[in-house]
1. Run the simple label-point estimate for residue 121 and residue 302 please: 7 Å along Cα→C-beta, distance reported in nm.
2. Return 212, 224 ranked ascending by Cβ neighbour count within 10 Å, so the fewest neighbours appear first.
3. Given the Cα-Cα distance of residue 109 and residue 223 and 0.36 nm per residue of separation, how much length would full extension add, in nm?
4. For a quick check: with amide H placed at 1.01 Å from N, whose amide H comes under 5 Å from residue 188's, ignoring anything fewer than 5 positions away on the same chain?
5. When 190, 236 are ordered from fewest to most other Cβ atoms inside 10 Å of their Cβ, what list results?
6. Check the straight Cα-Cα distances from residue 86 and name the lysines below 28 Å, setting aside those fewer than 8 residues away within the same chain.
7. List 192, 30 from most exposed to least, where exposure is judged by having the fewest other Cβ atoms within 10 Å.
8. Cα gyration tensor of segment 203-303, axes a ≥ b ≥ c as square roots of the eigenvalues: rounded (a/c below 1.5), prolate (a/b > b/c) or oblate?
Amino acid sequence: MSEGYAALRRGAAFLDVSARGRIVARGRDRARLLHNLTTNEVKKMTPGSGCYAYLLSPQGRVQADLHLLCFEDRFLIETEPELREKVFQHIRRYIIADQVELEDVTAQTSEIALEGPGSAALLATLSAAIPGAPDSHLPWGSATIAAMSLTGQPGFRIFGDGDLLSKIVSAGGAGASEDDFRQVRIENGKPRYGEDIRETSLPQETQQMHAISFNKGCYLGQEIVERIRAQGHVNKKLVRIEIDAAEAPAAGAKLTADGAEAGEITSAVYSPDSGKVLGLAYVRTPHANPGTELKAGDARAVVG
């Protein structure tokens, strides 16, 4: 067990995630445009609030996930590193008569993830404001602190234009690796776009319902989302699984029920704390209820 993993689980650990995409949207029509392109409520957002949302294709498939942070004069759009250009081009494609300006500020800014049960206490020792609601954010000098988590642990994201790490290190934060963050993320059953959430995924299949507002009115891909809601189900769901094994199966490994294919693993890791393999998988809806027993090869697998 690495020091970073232990800190994520029991203390506070940081990771420089400045490679993640950061795009600023300005202009008087910015809220209306983003409202019409994303799955969550944007028009009613106020400065200091934020949300998690999807960008969909006209066919209702998830093209990207992102966090939207609302400021007085702009929105900050935060996304996975490999989605930065895709998100920028997707939004720009729909700017027609709108007064909206997009700027990719990734190279000019920094972003630090601070996560773990002790992360709020660490920030408090630095006299930093502690945002409460998910994706809400507060100023910290020239920086911004947002309530956001990569791993599913209590966590924050610190956005700035300078070196923020020295303050966190001086307050007792431990450095963690990308592997540490991925390990804890998968143990907690928190999906990542590109690994667990796919370009072919439907929003309801991912079960990340906090990304979707059903009261906001029209947006790109809404017709499919509403049709699925009216039907009341999807054919498969992304679920957390526990496997009685000491070695994690590869992505794409099949899950079975009574000898028939029942699902497919998207990511998995061996968890030393539990002595099991923990992961995420798309499972056919009849087998997606918590406690359902499946097979991963010859090993017992249980839907979490």
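1. Distance between the two pseudo-spin positions: 3.1 nm.
2. 224, 212
3. Gain on stretching residue 109 to residue 223: 37.4 nm.
4. Those lying under 5 Å, H to H, from residue 188: there are none.
5. 190, 236
6. 43, 44, 190, 216, 236, 237
7. Placing the least packed residue first, the sequence is 192, 30.
8. Prolate shape, in that a/c is at least 1.5 and a/b is the bigger ratio.
No value in this document is a laboratory result; all are computed from the given coordinates. Predicted model, so just to flag it, every value in this text is computed and none were measured. Positions of Cβ are backbone-derived with ideal geometry, glycine not excepted, and every protein chain shown enters the neighbour counts.
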